[in-house]
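The values are calculated or read from the model by the stated rules, or taken from the named source; none is laboratory data. In this text, all values refer to a predicted model and were calculated from it rather than measured experimentally. No Cβ is skipped: glycine too gets one built from the backbone with ideal geometry, and neighbour counts run over all protein chains shown.
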Amino acid sequence: MAEEELTQKKCTACSGDAPPASKAKIEQLKPQIPDWDIKDENGELRLQRVFKFSDFKHALDFTNQVGEKAEEEGHHPTLLTEWGKVTVTWWTHAINGLHENDFIMAAKSDRIAMNIEQ
């Protein structure tokens, strides 16, 4: 399965009773977003990546585009925008962990970054 396929998927509604992604599912999806780190934050797994840009304007443009895509998909990240870089963290709050939606949005974040001067 190629990264293309993740970027073509849409996020699905996820309620608190949905199971977090299994270890096998994470191992299947992670190679499609190789630049992302899996972080353990107080027992919750999260996807995180720092994107680097040439200046604040490009970092802010990226932040806004990720925000627009998040709103469109109904799945929202933590975004930390600084001069020349943006840290993006995806996880599913309702289940306190990772869901396929997080991998979909990480791939879409990668696609957005490719279209902005870095």
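For segment 95-118: of the residues being aliphatic (A, V, I, L, M) and not in a helix (DSSP H, G or I), which is farthest from the chain's Cα centre (by Cα)? Write out each step before concluding.
Taking segment 95-118 and keeping what is aliphatic (A, V, I, L, M), we get 95, 98, 104-107, 112-114, 116.
If we keep only those that are not in a helix (DSSP H, G or I) as well, we get 98, 116.
On the way: 98: 10, 116: 17 Å.
Of everything passing the filter in segment 95-118, 116 is farthest from the chain's Cα centre (by Cα).
Are there any pairs, at least 6 apart or on different chains, whose C-beta atoms fall under 8 Å, with the first in segment 80-98 and under 19 Å from residue 61 (Cβ atoms) and the second acidic (Asp, Glu) and in a loop (DSSP other than H, G, I, E, B), and if so, which?
Close Cβ pairs satisfying both conditions: 83/55; 84/55.
Please go through segment 87-96 and pick out each residue that is buried (at least 17 other Cβ atoms within 10 Å of the Cβ), out of contact with any helix residue (DSSP H, G or I) (no Cβ under 8 Å at 6 or more places or on another chain) and at pLDDT 95 or above.
Here is the first cut: in segment 87-96, the ones buried (at least 17 other Cβ atoms within 10 Å of the Cβ) are 88-92, 95.
Checking the rest, the ones that are also out of contact with any helix residue (DSSP H, G or I) (no Cβ under 8 Å at 6 or more places or on another chain) come to 89, 95.
Scanning segment 87-96 gives a single hit, 89.
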